[in-house]
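A quick write-up on the structure given underneath.
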Amino acid sequence: MRAAFTSHWRIFAALSGLLIVELLASLLLGNSAISLSHLPSLLAGGGEFDARLVLFQLRLPRAVVAMLVGSALAVAGTLLQGLSGNDLTSPATIGVEAGSGLGLMFLIVAMPLSAARHPLLAPLASILGALAIAAIVFSLAYRHGSILPARLLLVGIAVGYAVQAAMLLLSLRMNYVTYSYVLTWMSGSLSSADWTSAAMLAPALAIVGSMALSKTHVLNVMAIGDEAAAALGVAVHRQRLTMIGLAAVLTSLGAAVAGQIGFIGLVAPHLARRLAGDDYRVVLPLSAIAGAALLLLGDALGRQLVQDVEIPAGVFVGILGGCYFLYLLATTKN
Amino acid sequence: MELVAHNVTLAYEDVNVVSGLNCVIPPRQITTFIGPNGSGKSTLLRGLARLMKPRAGVVLLDGKEIHRSGTGQVARRLSMLPQRPTAPDGLLVRELVALGRFPYQGFLGALTAEDDRQIDLALRTAGVEALADRPLGELSGGQRQLAWIAMALAQNTPAILLDEPTTFLDLAHQLEVLELLEKLNRDAERTIVMVLHDVNQAARFSHHMVALSRGTIVASGKPEDVITADLMRQVFDIEAEIMHCAATDSPLCVPLSRSPE
Ligand SMILES: Nc1ncnc2c1ncn2[C@@H]1O[C@H](COP(=O)(O)OP(=O)(O)OP(=O)(O)O)[C@@H](O)[C@H]1O
Ligand SMILES: [Mg+2]
């Protein structure tokens, strides 16, 4: 464990390299392509006005948001999988993501769409919704001074379905334009990403992310079971509660900006663990990079693959993740 | 190192498993709990190790209420090996043992030179040095048990609590574990508290024995005072002949039959 980072530096370097290539591609490619040789001068503030506008106001903020959201969801998923000892846990399974959608729906029902799409109002409603549902899930899962992971998942899935039903009910009252906005949100899209959302995400992610990183050693100890961990001095239930809280905040931040894209929180930690083993001090940062790379790729594919139509990033994240799991199924024995 | 249970009631949900129990663990001795399945041995051990909060009564560690002391503070005085511990299959033996240093570590668990020294010592003492770089998933049940014991040793506590440390082990390995505990007690003055199912091994290796039945202590004291035909009938519902083994100078119980209803 001591040589954790040094022995995994190749994997970190490879994934980071992939991320940089993806970043370049998503900055250069698009309806009006920018050539690589122009990039330095554009970044330095020179070049054509139109190209600068596309780069700085559209592609760069979008790519930055994609990476931030991807890593937030990946870190949330890593925490949840670690604290529940279950590889199939994800931000979607604790009901928080659905709660985020519900908050957004209430906002849209309460005021006209043009007002509701305010760059700060929508995220705020989404975060409040997520935290409200998280509070409901926690209190239902809380028994005898502790939250049992299995109970949390059951309650989370049940509440998640109830919330989805409520969202469907609310959507019945919507007109076509509003509904298609909601639909885009539900399929996970970065089309509304701008510098405002990046400025909201970056500091929040820095703070919550480093708190998550500080929990990785405890996650390592919790992997040997509640009883053995408690005997080593880990306050298991308190730690679990804190980590669920961190994961809920990260999930709602991501969902506020990019909608239902929690699948990343299932795939990225899986991939990181497969590449680097069980040490969460390595897995968590690696999973953050993998999540960023995955969402950036999903978004780039969604923008480029079909001419003139933008496919929500969530669709391609789903396809990529699905392929990864199929590959796992095909290659693992038993 | 003094560990005392005073009027302790331990319960799961709303079923009291142990009620109003009093028990003193003699310092620097080997104490063994015996009793039938479900009699509350593991529960009592959990209560003594701060893993279960008593519904009533207190557990005192060196005169201080254990549930009011910091978790880390208790973990530096007391280690506990659960009955059926689990770990990720990919975890290396050395990594498992390193987790034993958790109560002494700070942020992100960087290992100090002292940590490394204690880990090496624990590996050597438990005789699993050669397995240090093997993943747990590839070990036999007995080797795995020794690795877990090494983890408890790395915690370097004056008291070690073990729940059935000899299950899964063949006779030679059972003796290996028990002799190791005896040596730790003799040379390093560790207080050992354990649960064993083998009454004869308990009698042979313990200074003090506690017999439990349905959550209450039926007898406690020196092995020769606890292991009697009456007690075997009362606690285990069996008829037994008790002899004296000259080789080990301890009582020997030969079970004959189940007691008539
Ligand atoms: N986690 C738990 N939740 C609910 N009840 C429990 C739990 N653990 C033990 N019990 C109950 O408490 C009683 C005492 O169990 P305990 O594990 O202390 O027995 P034991 O003496 O260690 O038995 P064994 O020799 O089989 O290990 C049993 O009736 C058992 O069913
Ligand atoms: Mg037991």
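Structure data summary
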{"quantity": "Hits in region B:1-59 - residues which are assigned to a loop (DSSP other than H, G, I, E, B), touching a strand residue (DSSP E or B) at 6+ places or on another chain (Cβ under 6 Å) and within 16 Å of ligand 1 (Cβ to nearest atom)", "calculated": "B:Gly35, B:Ser39, B:Gly40, B:Ala49, B:Met52, B:Pro54, B:Arg55"}
{"quantity": "Selection count, region B:52-94, where residues are more than 17 Å from B:Leu136 (Cα to Cα), within 9 Å of another protein chain (Cβ to nearest Cβ) and open to solvent by less than 30 Å² (accessible area, probe 1.4 Å)", "calculated": "6"}
{"quantity": "Scope region A:5-49; condition surrounded by 12 or more Cβ atoms within 10 Å (Cβ to Cβ), farther than 19 Å from A:Arg62 by Cα and over 25 Å from the mean Cα position of the chain (by Cα); matching residues", "calculated": "A:Ser7, A:His38, A:Ser41, A:Gly47, A:Glu48"}
{"quantity": "Residues of region B:178-217 that turn out to be free of Cβ contacts under 8 Å to residues at least 60 places away in the same chain and hydrophobic (A, V, I, L, M, F, W, C), as a count", "calculated": "5"}
{"quantity": "Test: A:Ser180 is at pLDDT below 95, within 19 Å of the chain's Cα centre (by Cα) and small (Gly, Ala, Ser)", "calculated": "no"}
{"quantity": "Top-ranked residue of region B:25-44 - restricted to ones that are of a type in the set (Ser, Thr, Tyr) and near ligand 2 (Cβ under 10 Å from one of its atoms), ranked as farthest from B:Val15 (Cα to Cα)", "calculated": "B:Ser42"}
{"quantity": "Residue list for region B:95-118, filter: within 7 Å of chain A (Cβ to nearest Cβ), touching a Lys or Arg at 6+ places or on another chain (Cβ under 9 Å) and open to solvent by 40 Å² or more (accessible area, probe 1.4 Å)", "calculated": "B:Leu108, B:Leu111"}
{"quantity": "Residues being small (Gly, Ala, Ser) and within 13 Å of the chain's Cα centre (by Cα) - total across region A:188-201", "calculated": "2"}
{"quantity": "Helices (runs of 4 or more DSSP H) fully within region A:210-280 counting 1 or more residues that are facing chain B (nearest Cβ under 10 Å) and among the β-branched types (Val, Ile, Thr)", "calculated": "A:216-222, A:236-258"}
{"quantity": "Selection count where residues are within 15 Å of ligand 1 (Cβ to nearest atom) and open to solvent by less than 10 Å² (accessible area, probe 1.4 Å), scope region B:153-206", "calculated": "9"}
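The values are calculated or read from the model by the stated rules, or taken from the named source; none is laboratory data. No experiment lies behind these values; they were computed from the predicted model shown. Please note: Cβ atoms are built from the backbone with ideal geometry, for glycine as well, and neighbour counts cover all protein chains shown. The accessibility values were calculated without ligands, DNA or RNA, using every heavy atom of the protein model including side chains. Shrake-Rupley method; radii C 1.70, N 1.55, O 1.52, S 1.80 Å.
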